[in-house]
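First comes the structure, then the notes that go with it.
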Amino acid sequence: MTTENTDTETDEESRESVANRTDEGVGNDAALNEEPDTIPTDHPVVLFDGVCNLCNGVVSFLIPRDPKGKLRFASLQSPVGQALLERHGFPTEEFDSFVLVEGDKTYTKSGAAVRIAELIGWPYRIGTLGRVIPKFVRDRIYDVVASNRYDWFGRKDQCMIPDEDVSDRFLS
């Protein structure tokens with residue numbers, strides 16, 4: 001596995017800090033057994049919390065701003081999401097980060113947001129200026145929002161079901 005990130009804190013450090021907050025660390029035998037060898041790697045995959053209203057709102061925001069369909073989406077709770085988390089060494093339980101998987105590279109938290117802004121192009125590419133803010137500051141802000149997202153934005157009972165016109169961009 002290659003983890004590459006232009007930020008000073010690596011995703012390896014993020015994985016370690018997330019793993020330290022979970023009871024069982026990395027592991028989900030169901031995801032291992034269901035991991036399809038055919039998970040597409042030709043497009044970056046955005047992993048998001050499928051029951052989080054804020055996260056679903058971000059996905060809904062991204063879809064029309066990515067008219068070329070560069071991005072694919074999978075909820076963290078889906079078999080594909082679980083398999084990608086496992087493949088890249090992230091915990092599969094109690095994982096509360098937005099993840100971008102781009103080939104063998106992974107981006108988490110604010111690093112994922114900055115990279116997605118870069119991928120979808122102008123005018124959102126201006127979000128890459130966020131790199132001037134130290135990653136630990138950006139990620140601390142991210143963590144505050146992430147830990148309060150259900151209280152502030154609500155939670156769904158089940159993962160969103162995409163509209164037919166974009167369903168091919170969702171991996172399940």
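The values are calculated or read from the model by the stated rules, or taken from the named source; none is laboratory data. The model shown is predicted, which means the values in this text are computed figures rather than measured ones. Note that we place each Cβ from the backbone using ideal geometry, even for glycine, and neighbour counts take in every protein chain shown.
Select from segment 154-165 the residues that are of a type outside the set (A, V, I, L, M) and either loosely packed, with under 15 Cβ neighbours inside 10 Å or modelled with pLDDT of 90 or more (or both) and list them in ascending order.
G154, R155, K156, D157, Q158, D163, E164, D165
Answer yes if at least one residue in segment 130-148 is in contact with a Leu (Cβ under 8 Å, 6 or more places away or on another chain) and at pLDDT below 90, and no otherwise.
no
Look through G111, G130 and report the one residue that is in a helix (DSSP H, G or I), out of contact with any Gly (no Cβ under 9 Å at 6 or more places or on another chain) and over 23 Å from P67 (Cα atoms).
None of the others qualify; the one that does is G130.
If L62 meets every condition in (1) in a helix (DSSP H, G or I); (2) out of contact with any helix residue (DSSP H, G or I) (no Cβ under 8 Å at 6 or more places or on another chain); (3) surrounded by fewer than 21 Cβ atoms within 10 Å (Cβ to Cβ) apart from one, which number is that one?
All conditions are met except number (2).
Where the second residue is modelled with pLDDT under 95 and the first is at positive phi and lies in segment 121-140, which pairs have Cβ atoms under 6 Å and are six or more apart or on separate chains?
Between residues of segment 121-140 that are at positive phi and residues that are modelled with pLDDT under 95, there is no close pair.
Assuming F90 fulfils every condition listed in (1) surrounded by fewer than 23 Cβ atoms within 10 Å (Cβ to Cβ); (2) among the aromatic types (F, W, Y); (3) touching a Ser or Thr at 6+ places or on another chain (Cβ under 9 Å) apart from one, which condition is it?
Looking at each condition in turn, F90 falls short on (1).
Surrounded by 13 or more Cβ atoms within 10 Å (Cβ to Cβ) and either of a type in the set (V, I, T) or part of a helix (DSSP H, G or I) (or both): which single residue out of D143, D168, D151 fits that description?
D143
Does F95 satisfy the criteria of being in contact with a helix residue (DSSP H, G or I) (Cβ under 8 Å, 6 or more places away or on another chain), within 18 Å of V46 (Cα to Cα) and in a loop (DSSP other than H, G, I, E, B)?
For F95, the condition - in contact with a helix residue (DSSP H, G or I) (Cβ under 8 Å, 6 or more places away or on another chain), within 18 Å of V46 (Cα to Cα) and in a loop (DSSP other than H, G, I, E, B) - is met.
Test A74 against the stated conditions and say whether it is modelled with pLDDT of 90 or more, surrounded by 19 or more Cβ atoms within 10 Å (Cβ to Cβ) and out of contact with any strand residue (DSSP E or B) (no Cβ under 8 Å at 6 or more places or on another chain).
It is false that A74 is modelled with pLDDT of 90 or more, surrounded by 19 or more Cβ atoms within 10 Å (Cβ to Cβ) and out of contact with any strand residue (DSSP E or B) (no Cβ under 8 Å at 6 or more places or on another chain).
Going by what's in this entry, would I116 be described as in a helix (DSSP H, G or I) and over 20 Å from I39 (Cα atoms)?
No; evaluated as a whole, the condition is false for this residue.
Residues in segment 41-54: is at least one at pLDDT 90 or above, closer than 18 Å to V166 by Cα, among the β-branched types (V, I, T) and not in a loop (DSSP other than H, G, I, E, B)?
Looking through segment 41-54, at least one residue is at pLDDT 90 or above, closer than 18 Å to V166 by Cα, among the β-branched types (V, I, T) and not in a loop (DSSP other than H, G, I, E, B).
State which residue is modelled with the highest pLDDT when the search covers only segment 77-107 and only residues that are of a type in the set (G, A, S) and in contact with a strand residue (DSSP E or B) (Cβ under 7 Å, 6 or more places away or on another chain).
G81
For segment 77-87, give me each residue that is in a loop (DSSP other than H, G, I, E, B) and surrounded by 19 or more Cβ atoms within 10 Å (Cβ to Cβ).
Answer for segment 77-87, where residues must be in a loop (DSSP other than H, G, I, E, B) and surrounded by 19 or more Cβ atoms within 10 Å (Cβ to Cβ): just S78.
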